[in-house]
């Protein structure tokens, strides 16, 4: 049985809740939405901060804290926003961090550059434990007063012991059920991650298929065909491939003429040259690439050195 959590945010027009609870687990999806229902139009850092603040609001409304968040799924339409998102994200959580996956996907909310889906374990076991502690304290206080009063309170210790044993058994049962629920939750999350990974892979492969089709058409060109026309066809296919890479956030590293940087360059040859600066990249042997701010492959280069 699920129940809605009142986060204080404006209700959506769609048939959804911003947060729900079921069996001690909070399910919530948050976007960079202000309290009045409008979407924050700032940069990725501003939008991430507001989205995480909405997540914090939802978790606290359910009786938990951000430390109870077990998993976070981050959806970004632009791979280049990852670094900005991550800089804000890491300021909001403390070790041990929640499990996290970042997915590049188109978002349905106009203007939103981030959406977060989170799962938090804010079950009743901890609250039940606190209630049990309070009950034990009150029981001991009553027993002490009864002992001080004499015979009328003589049977209070036995009653208190029975109460504590029932509470212990209830807590043990609750913990066992919570552990089973969390195991099912992790199994479900593993399945969702696999499905998301398969979907992302199939999406990229679908975009690659037209390029493969063009290569096959080029290979089927008659022998002795016009070399210039063939070259132009290959250049178009090359451009098509680069357009796909840029769409996915992959950009080439400009190495030629730059100073050697071991973080992005792999020097395979050092050659004496008086026409180049010490440490200048004088030839690019294999192009390097980044995806967002992360190195995908270093550039293989020839580096100049002084005699």
> Roughly what % of DSSP beta bridges within the stretch 250-305 run antiparallel, to the nearest 5?
Replying inline: 60
> Which angle between 0 and 90 degrees, to the nearest 10, do you get for helix 124-149 versus the longest principal axis of the chain when only C-alpha atoms count?
Replying inline: 20
> How fast does the chain diffuse by Stokes-Einstein, in µm²/s, taking the Kirkwood radius from C-alpha pairs at 25 °C and 0.890 mPa s?
Replying inline: 98
> Based solely on its DSSP helices, what 222 nm [θ] is calculated for the chain when runs of n ≥ 4 H residues each add -39,500 (n - 2.57) and the sum is averaged over all residues, nearest 500 deg cm²/dmol?
Replying inline: -16500 deg cm²/dmol
> For the chain, what is the percent of antiparallel DSSP beta bridges, rounded to the nearest 5?
Replying inline: 70
> Going by the alpha-carbon gyration tensor, a ≥ b ≥ c the square roots of its eigenvalues, is the stretch 204-290 rounded (a/c under 1.5) or, if a/c is not under 1.5, prolate (a/b greater than b/c) versus oblate?
Replying inline: oblate
> Using 7 Å Cα-to-Cβ label points, what is the residue 268/residue 187 separation (nm, one decimal)?
Replying inline: 4.9
> Angle, helix 44-61 long axis vs. longest principal axis of the chain, Cα atoms, 0 to 90°, nearest 10?
Replying inline: 20
>> With just the Cα atoms defining each centre, how far is the stretch 37-94 from the stretch 153-211? Give it in Å.
In response: 23
> Radius of gyration and Dmax for the stretch 250-305's Cα atoms, expressed in Å?
Replying inline: 11.0, 36
> Roughly what % of DSSP beta bridges within the stretch 3-122 run antiparallel, to the nearest 5?
Replying inline: 75
> Mind checking the angle between helix 82-92 and the chain's longest principal axis? C-alpha axes, 0 to 90 degrees, to the nearest 10.
Replying inline: 20
> Shape of the stretch 3-122 from its Cα gyration tensor (a ≥ b ≥ c, root eigenvalues): rounded if a/c is under 1.5, otherwise prolate when a/b > b/c, or oblate?
Replying inline: oblate
> Among 52, 285, which comes first, then next, by fewest other beta-carbon atoms within 10 Å?
Replying inline: 285, 52
> What relative contact order, as a whole-number percentage, does the chain give when Cα pairs under 8 Å and 6 or more residues apart are counted?
Replying inline: 13
>> Using Stokes-Einstein with the Kirkwood hydrodynamic radius over Cα pairs, what translational diffusion coefficient do you get for the stretch 148-307 at 4 °C and a viscosity of 1.567 mPa s, in µm²/s rounded to a whole number?
In response: 56
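Values quoted throughout were computed directly from the atomic coordinates according to the rules given, and no laboratory measurement underlies them. None of these values were measured; they are calculated from a predicted model. Positions of Cβ are generated from backbone atoms using ideal geometry, with glycine treated the same way; all protein chains shown enter the neighbour counts.
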